[in-house]
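Working notes for the structure below.
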Amino acid sequence: MTVYEAAFTEATGQQRAESVPLSHLSLELGHLYFEDLRGDPEALRRKFEAVAPWAQAVLRPGARISTCYLIDDYFSSELSPADVVPLVLDAAKQAGLNIGYLARESACASVDGIGVADLVTQWIIDEPPEGSNGLRPPATVVGWLANGKRSPTTVTAAMKGPPEWQPPRESARNRHSIFLDIELWSTAGDRRLWSCPMLAAVWQLARLGLLRYEGKAVLQPHTWEKEWPVEWASLPGVIKVDPGAAPFSAYRTLSVLDIQFLPVEHAVRQILGMVAVDASVMRQSVLRAGKEGLAVSDEIVGRVGYVFVN
């Protein structure tokens with residue numbers, strides 16, 4: 001008697017994750033919001049001058065270090081690339097810095113027909129808080145992500161007296177809680193308006209080379225050899241502005257940012273700690289780092305570093 005064994009697998013499970021070039025470090029030289037350019041033409045140069053000593057302390061011969069800069073064209077697009085990009089590149093140059101890649105923040109929401117922020121949201125794994133009874137909807141439904149148990153808001157029956165207040169509790173607290181409740185998006189009509197922490201989390205994943213859609217790498221750089229356009233949407237999501245730059249994505253990231261971004265990046269780390277990217281992509285970078293004699297964390301947040309300047 002002949003026995004036939006059938007194996008059923010999903011097509012997506014057979015897709016090979018595309019490999020991307022990796023630098024040793026992705027060094028971010030700042031974020032630009034258009035209000036930074038209002039009223040004080042020297043403000044941008046001063047920001048780069050504050051970043052320069054820290055960046056130059058990291059840059060060293062022989063290491064593959066890419067530099068990048070993020071421009072917010074998501075919450076505002078009042079100035080065109082033709083107005084902004086030359087200012088940014090010139091201000092960085094005056095401070096002794098070289099930008100390898102420029103990125104548009106709106107591309108962290110959607111690029112090339114791919115809803116990137118929505119894709120990453122689907123990778124979030126909710127951590128049930130202590131004493132959870134399943135009533136709290138998941139973050140992917142309500143758009144709020146907490147790192148523990150929120151304060152109860154239920155009201156007792158009238159005859160039982162006022163409810164007793166209870167504090168929130170962080171799940172992985174160290175003696176005391178630092179509770180964080182993050183808004184991933186709000187709604188504007190029938191569309192989602194993604195929050196700064198959510199877009200910045202996508203940005204970190206892109207810099208780490210961990211974004212894939214149907215096996216293909218997402219938010220990888222493209223060259224631009226034309227005049228800077230009037231519309232931001234005319235540009236690629238990530239633009240290679242230095243032909244000799246090291247690969248955009250890297251084993252680790254370091255962001256040198258103004259102190260005002262500290263609360264946002266605290267939220268970013270919480271989001272990244274609850275995101276599960278394709279295990280084969282994570283393993284791919286660990287194995288490649290090992291061949292270069294580098295140790296890379298198995299966790300996303302272990303690959304992300306910061307310097308905050310005032």
(request) Tell me which residues come under 5 Å, amide H to amide H, from residue 305 once H is placed; ignore anything under 5 positions away on its chain. (result) 253, 254, 255
(request) Provide the packing ranking of 167-176, 284-293, 247-256, i.e. peptides ordered by the mean count of other C-beta atoms within 10 Å per residue, highest first. (result) 247-256, 284-293, 167-176
(request) Round to the nearest 0.05 the FRET efficiency obtained for residue 83 and residue 144 when R0 = 35 Å and r is the Cβ-Cβ distance. (result) 0.45
(request) For the stretch 199-204, just list the computed ³J(HN,Hα) in residue order, Karplus coefficients 6.51, -1.76 and 1.60, θ = phi - 60°, integers in Hz, with x standing in for Gly and Pro. (result) 5, 5, 5, 4, 4, 5
(message) Under the rule of at least 5 residues apart or a separate chain, name every residue whose amide H is placed under 5 Å from the amide H of residue 30.
(response) 70, 256
(request) For the chain, with a Gaussian network of springs between Cα atoms less than 10 Å apart, report the residue from 273, 189, 237 with the top mean-square fluctuation. (result) 189
(request) Find, to one decimal place in angstroms, the Kirkwood hydrodynamic radius of the chain, where the mean of 1/r is taken over every pair of different Cα atoms and then inverted. (result) 21.4
(request) Using amide H atoms built 1.01 Å from N in the peptide plane, name the residues 5+ places from residue 111, or on other chains, whose amide H lies under 5 Å from its own. (result) 116
(message) Using helices alone, I'd like the mean residue ellipticity at 222 nm for the chain: each DSSP H run of four-plus residues gives -39500 (n - 2.57), total over residue count, nearest 500.
(response) -7500 deg cm²/dmol
(message) Place a point 7 Å from Cα of residue 283 in the direction of its Cβ. Which residues in the stretch 193-237 have their backbone N less than 19 Å from it?
(response) 209-217
(request) Calculate, in nm to one decimal, what residue 216 and residue 186 gain on full extension: separation in residues at 0.36 nm each, minus their alpha carbon distance. (result) 7.9 nm
(request) Give a quick list of GluC sites (Glu not before Pro) in the stretch 19-53 that DSSP marks as loop, anything other than H, G, I, E or B, with at most 11 other Cβ atoms within 10 Å. (result) 42
(request) Work out from phi, with θ = phi - 60° and the Karplus expression 6.51 cos²θ - 1.76 cosθ + 1.60, the ³J(HN,Hα) of each residue of the stretch 50-58, listed in order in whole Hz, and give x for Gly and Pro. (result) 6, 7, 3, x, 6, 5, 5, 5, 8
(message) Using Cα springs under 10 Å in a Gaussian network model of the chain, which residue among 201, 52, 188 shows the largest mean-square fluctuation?
(response) 188
(request) Sum up the lysine pairs in the chain that clear both bars: alpha-carbon distance under 20 Å and a spacing of 8 or more or different chains. (result) 4
(request) Return the sequence-ordered ³J(HN,Hα) values of the stretch 214-223 in whole Hz as given by the Karplus equation 6.51 cos²θ - 1.76 cosθ + 1.60 applied to θ = phi - 60°, using x for Gly and Pro. (result) 6, x, 8, 5, 10, 6, 9, x, 10, 7
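Read the figures in this text as sums done on the coordinates, not as results from a lab. Quick caveat: nothing in here was measured; it's all calculated off a predicted structure. Glycine also receives a Cβ, built like all others from the backbone with ideal geometry; neighbour counts cover every protein chain displayed.
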